[in-house]
Amino acid sequence: MRLGPRPAALGLLLLYAAVAGASKAEELHYPQGEHRADYDREALLGVQEDVDEYVKLGHEEQQRRLQSIIKKIDSDSDGFLTESELSQWIQMSFKHYAMQEAKQQFVEYDKNSDGTVTWDEYNIQMYDRVIDFDENTALDDTEEESFRQLHLKDKKRFEKANQDSGPGLILEEFIAFEHPEEVDYMTEFVIQEALEEHDKNGDGFVSLEEFLGDYRRDPTANEDPEWILVEKDRFVNDYDKDNDGRLDPQELLSWVVPNNQGIAQEEALHLIDEMDLNGDKKLSEEEILENQDLFLTSEATDYGRQLHDAYFYHDEL
C-alpha cells in the first residue's frame, strides 16, 4: 500500500515535535535560567476549565488536602520530607497518570466496546483508516518510507504486548503497548528494538558513532556543532556507566526509556532548595504551608492536580 504525503508527514511531524518539545519546554520553564513557577501550573492546568476548578477549591479545603498529601509523601512518618521521599512520590505520580491516560485511551480505541483493542481499531483511531504495509517492500518516497518503518515498529510492539495471542489487546496488554517501559515482559523487546535501530555492526552494543546516527562532521568546520557536543556529553556522563565507550543493553535501556527518575530528583532538589527555610535539606509541613503556592505549582502535587484526585489525598491510599 502506498500512502499519500499527508499521513506520512503527520507521523514524522509528531516524531520531530516530541524531540524538539523537550528543549522548548525547558526554555519556557526556565527563561534566562530563572524558574518560572506559573509555567508549572499552565503545563497541566492549561485549559481554562481546569484552572477554574483549581480556583473554586476553598483555601481551607486546599490546605486540608495538601496536609493529607504531605503525610503520604512522608513515608517514614518523621515529620519531614526528604529528597528521596519527594522523588519517589513524584515518580509514583508520573506512573499513576500515565496509567490513567492509557485507560482513557483504551476506551477511545475500543470502537466496538468488546473489551479489547484490535490492530485495526488502533489504526482507525490513529489514522482514520486501516493501514497495512508490506514488511519486505521499501517505498521510494523518503517520508513515506520513514512512516512505514515507524508503523511496522508499532505493529511489532502491538504483537509483543499481546501475550495471549487473542484477536486484540485487553487493558493490561494495551498499557504494555503504550508504556512498555512500565511492564517487565516488554523490557527485552524495548532493548532489542533499540539494538535493531542503532547497532549497525551487530555486536550487541551501541558505540558513540552509532549513538550519533548519521552525523558526519563538516570537513571545513573547526569543531562539532553545539548539539553534537551535548549528545556526546550525555553519552559519556549519563549513559555509559562503565566508561567502556559503548552502551550495553542495560545502558541502552536508560537512553531509550524516559528517565522519570532523573526528572523527579531534579524537581525534589528544586523544591528543597526553594522552600527549605532552616537549611536542613528537608521540608517540614510548616515550610511547605509557608510556601504553599510553590508546592502547588510543582510536580510534587502534579501542579495542583492531586488536590482534585482522591487517589492522592484520600486517607486510604
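List the residues, sorted by chain then number, that are 5 or more residues from Leu169 or on another chain and whose placed amide H is less than 5 Å from its amide H.
It is Val117, Thr118, by chain and number.
What's the local net charge at Leu171, with K and R +1, D and E -1, over the other residues with C-beta under 11 Å away?
Surrounding charge for Leu171 is -3.
Sort Glu223, Glu274 from largest to smallest accessible area, using a 1.4 Å probe on the heavy atoms of the protein chains.
These residues rank, largest area first, as Glu223, Glu274.
Order Lys156, Lys200, most accessible first, counting only protein heavy atoms with a 1.4 angstrom probe.
Lys200, Lys156
Which links in Lys72/Lys281; Lys71/Lys281; Lys95/Lys153; Lys156/Lys241; Lys111/Lys153 stretch past 21 Å when you go from one Cα to the other?
The answer is Lys95/Lys153; Lys156/Lys241; Lys111/Lys153.
Accessible area of Leu253, 1.4 Å probe, to the nearest 10 Å²?
Surface accessible to solvent at Leu253 totals approximately 40 Å².
Given the Cα-Cα distance of Ser165 and Gln100 and 0.36 nm per residue of separation, how much length would full extension add, in nm?
20.9 nm
Roughly how much of Trp227 is accessible, in Å² to the nearest 10, using a 1.4 Å probe?
The accessible area comes out at roughly 140 Å².
Please list, by residue number, everything in region 196-218 whose backbone N is under 11 Å from a paramagnetic label point 7 Å out along Cα→Cβ of Asp224.
Inside the label zone: 208-213, 215-217.
Ignoring ligands and nucleic acids, what accessible area does Tyr127 show with a 1.4 Å probe (Å², nearest 10)?
40 Å²
The values are calculated or read from the model by the stated rules, or taken from the named source; none is laboratory data. Please read these numbers as outputs of a predicted model, since none were measured by experiment. Cβ atoms come from the backbone with ideal geometry, glycine included; neighbour counts cover every protein chain shown. For accessibility, only protein heavy atoms count, side chains too; no ligands or nucleic acids. Shrake-Rupley method; radii C 1.70, N 1.55, O 1.52, S 1.80 Å.
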